[in-house]
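Let me begin by presenting the structure, written as structure tokens, before commenting on it.
The values are calculated or read from the model by the stated rules, or taken from the named source; none is laboratory data. Just so you know, these numbers come straight off a predicted model, no measurement behind them. In this analysis, Cβ positions are derived from the backbone assuming ideal geometry, glycine residues included, and neighbour counts consider all displayed protein chains.
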């Protein structure tokens, strides 16, 4: 079961303009001034649609995941599987830092993704402009589209937990 909550998101083509108008309205209010009517009118044009965001029910640590793997009839112990997973993490990190792409079959590909500060030209760009090194995962065949699998096998179900979260939140506030 995949849980989800519903969030409202703006879908306007002129979202930047709307957000700038909101900012000017807030600034005017902080300064004790009346907001410009044009800004108020622009904000009124904002259209929002409902979208789903996933909510996880548990965090699977390496130990929990190893225990789960052993429950599928593995000949290896939980400790063996944990050790292999920890070693895989260490080796993947090592290989990524060497600039290698790691292809793990149906699990997918892992590679490095860089973030950088822009430079005026290629000549002025140096390694000092690089400010982020992240791991990028490209899903393999088994992970490409879980929704397709759900449609063909009925293995996947969805539950809206938005109201449950609100009820839980309210009950915690009333204590």
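A few points about this structure:
- From 6, 18, 53, residue being assigned to a helix (DSSP H, G or I), in contact with a strand residue (DSSP E or B) (Cβ under 8 Å, 6 or more places away or on another chain) and within 25 Å of residue 162 (Cβ to Cβ): 18
- Qualifying positions in the range 107-126 - touching a strand residue (DSSP E or B) at 6+ places or on another chain (Cβ under 9 Å) and outside any strand (DSSP E or B): 107, 117, 125
- Per the listing 2, 18, 53, 62, the residue uniquely without any contact (Cβ under 8 Å) to a residue 60 or more places away in the chain, surrounded by 14 or more Cβ atoms within 10 Å (Cβ to Cβ) and under 30 Å from residue 85 (Cβ atoms) is 62.
- The set of residues in the range 21-46 being exposed (fewer than 11 other Cβ atoms within 10 Å of the Cβ), at negative phi and in a loop (DSSP other than H, G, I, E, B) consists of 31, 33, 34.
- Of all residues in the range 97-123, those that are at positive phi and surrounded by 10 or more Cβ atoms within 10 Å (Cβ to Cβ) have Cβ atoms under 7 Å from Cβ atoms of residues that are at pLDDT below 95 and in a loop (DSSP other than H, G, I, E, B), 6 or more apart or on another chain, in 108/140.
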